[in-house]
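**Q** Structure below; questions to follow.
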Number of protein chains: 2
Amino acid sequence: MPVIKSSREEAVEAIMREFRNSGYDAASLARLSAATGLGKSSLYHYFPNGKEDMAKAAVARTVELVAEAVIEPLTGVGSLKARVQKAMTGLARFYNGGKASCLVDLFTVGEAEAATPGLAKAMAEALLRAFAGAAEEAGHPKRQAKDIAERAVVEIEGALVLARALGSTRPFQRMLARLPALLLGGKA
Amino acid sequence: MPVIKSSREEAVEAIMREFRNSGYDAASLARLSAATGLGKSSLYHYFPNGKEDMAKAAVARTVELVAEAVIEPLTGVGSLKARVQKAMTGLARFYNGGKASCLVDLFTVGEAEAATPGLAKAMAEALLRAFAGAAEEAGHPKRQAKDIAERAVVEIEGALVLARALGSTRPFQRMLARLPALLLGGKA
DNA sequence: GTCTATAGTATGATAGAC
DNA sequence: GTCTATCATACTATAGAC
């Protein structure tokens, strides 16, 4: 999908989309060039270290978006139930209703780890912390809250994989529907 | 009769391992050659269509192993509880305790889908059917059994992703520990 | 069946004009 | 900042000797 962009921020957005669609190894410079509407030289102007820098920028932008869509709602103001619901809306938006993949998955395969060392792990840990905080706030003891957070991230990642494999967003939608009860422990 | 693996069968085993380690796009012919100990020409002798044929053979072998490790135990003889436990052991073995990835995940990204069209989906559906059968046998109504099976596959795939991201098999082990209760509905 | 050698293409990356 | 043109390398795949 050749969308003409000009600014670096717009390029990063397109690059992130391309990585989330193709994974790291299949996202060639030719594809990234087409996705951004920028020639290779322009890409190297913005990202001097090439694909590696693009991957790092894509992860950085992803971290921002996840924080905005999921983590900030969870740690913000308002009733816990309302904040969890906001986070579900954020998850649905960020993962495009289950159609978009997660870099925690795609960037832990193949050559990606060498380009973005530790970044996928850090993203996963940020999600774990945010969900654990919510579960603790819901009244679960610390240990149990960590387990619940792990289950939440496991369900998100797994639902995205299954949705991709089946070509249906249903598994993701059903996962979103059961997440609040998991986090709140039926106290919703 | 002694089971002597043909050179091709051994090659398929090594190729499957390489694809499960690197994903489709990062598994170059050079890596596949190194993994099998066969030169490129030998690989083309066994797999005339090259990487595409290797990917198909890897999936076919994976389907065999999943059937053997998970599906046959679930649909076999013995008490349901014992069969579910056998399937958990099979899952632990097949996914190397959480260290190995799943082709349902890796082969739905990048160029893999073109090489093995529909195969990852078929694998996911086979797992869903097997788990749904077990859940139904445990007394869950058909509709609920399908939901439970979906949750089981979601948990397996998600746990593998998180384990990979964190560099720890713990999430996979904890997932295995809670799967029986999910399938049996506490009636274990 | 396996080897060496190599074809043809795509890749990541640069140089230099404008 | 963006272009065209190009580099060196790695890729998939093939040919032909043995």
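**Q** Is it true that A:Ser22 is more than 23 Å from A:Asp105 (Cβ to Cβ) and assigned to a helix (DSSP H, G or I)?
**A** Spelling it out, it is not the case that A:Ser22 is more than 23 Å from A:Asp105 (Cβ to Cβ) and assigned to a helix (DSSP H, G or I).
**Q** Let me ask something else. Which of the numbered conditions does A:Arg143 fail, given that it passes all the others? Conditions: (1) more than 8 Å from chain B (Cβ to nearest Cβ); (2) buried (at least 22 other Cβ atoms within 10 Å of the Cβ).
**A** Going through (1) more than 8 Å from chain B (Cβ to nearest Cβ); (2) buried (at least 22 other Cβ atoms within 10 Å of the Cβ) one by one, A:Arg143 breaks only (2).
**Q** Test each condition in (1) buried (at least 21 other Cβ atoms within 10 Å of the Cβ); (2) within 16 Å of DNA strand D (Cβ to nearest atom); (3) over 26 Å from A:Gly98 (Cβ atoms) for B:Pro73 and report the one that comes out false.
**A** (2)
**Q** Still on this structure, I have one more. Looking for whichever is under 28 Å from A:Gly139 (Cα atoms), in a helix (DSSP H, G or I), at pLDDT 95 or above and out of contact with any Ser or Thr (no Cβ under 6 Å at 6 or more places or on another chain) here; the options are A:Ala30, A:Ala34, A:Ala92. Which one fits?
**A** Numbers: A:Ala30 fails: under 28 Å from A:Gly139 (Cα atoms); A:Ala34 fails: under 28 Å from A:Gly139 (Cα atoms).
Going through A:Ala30, A:Ala34, A:Ala92 in turn, the sole match is A:Ala92.
**Q** List pairs: first residue in region B:37-57 and assigned to a loop (DSSP other than H, G, I, E, B), second residue near DNA strand D (Cβ under 6 Å from one of its atoms) and aliphatic (A, V, I, L, M) anywhere in the structure, Cβ distance under 8 angstrom, at least six positions apart or on different chains.
**A** That search, which allows pairs on different chains as well, returns B:Gly50/B:Leu29.
**Q** Oh, and also: Residue under question is A:Tyr44, and the condition is that it be surrounded by 15 or more Cβ atoms within 10 Å (Cβ to Cβ), under 18 Å from the mean Cα position of the chain (by Cα) and modelled with pLDDT of 95 or more; does it hold?
**A** In short, no.
**Q** Could you run through region B:120-140 and say how many residues are at the interface with chain A (Cβ under 10 Å from one of its Cβ atoms) and touching a Leu at 6+ places or on another chain (Cβ under 8 Å)?
**A** Looking only at that region, the number is 5.
**Q** How about region A:16-66: which of its residues are hydrophobic (A, V, I, L, M, F, W, C), farther than 20 Å from B:Ser28 by Cα and within 15 Å of DNA strand D (Cβ to nearest atom)?
**A** Within region A:16-66, A:Leu32, A:Ala34, A:Ala35, A:Leu38, A:Leu43, A:Phe47, A:Met54, A:Ala57 qualify.
**Q** I would also like to ask the following. Being at positive phi and at pLDDT 95 or above narrows it down to one residue among A:Gly133, A:Gly118; which is it?
**A** A:Gly118
**Q** Give the residues of region A:9-35 that are more than 13 Å from DNA strand C (Cβ to nearest atom) and buried (at least 16 other Cβ atoms within 10 Å of the Cβ), sorted by residue number.
**A** Answer for region A:9-35, where residues must be more than 13 Å from DNA strand C (Cβ to nearest atom) and buried (at least 16 other Cβ atoms within 10 Å of the Cβ): A:Ala11, A:Val12, A:Glu13, A:Ala14, A:Met16, A:Arg17, A:Arg20, A:Asn21.
The values are calculated or read from the model by the stated rules, or taken from the named source; none is laboratory data. Keep in mind that this is a model prediction, so the values were computed, not measured. Because the Cβ atoms are built from the backbone with ideal geometry, glycine has one as well, and the counts that use them run over all protein chains shown.
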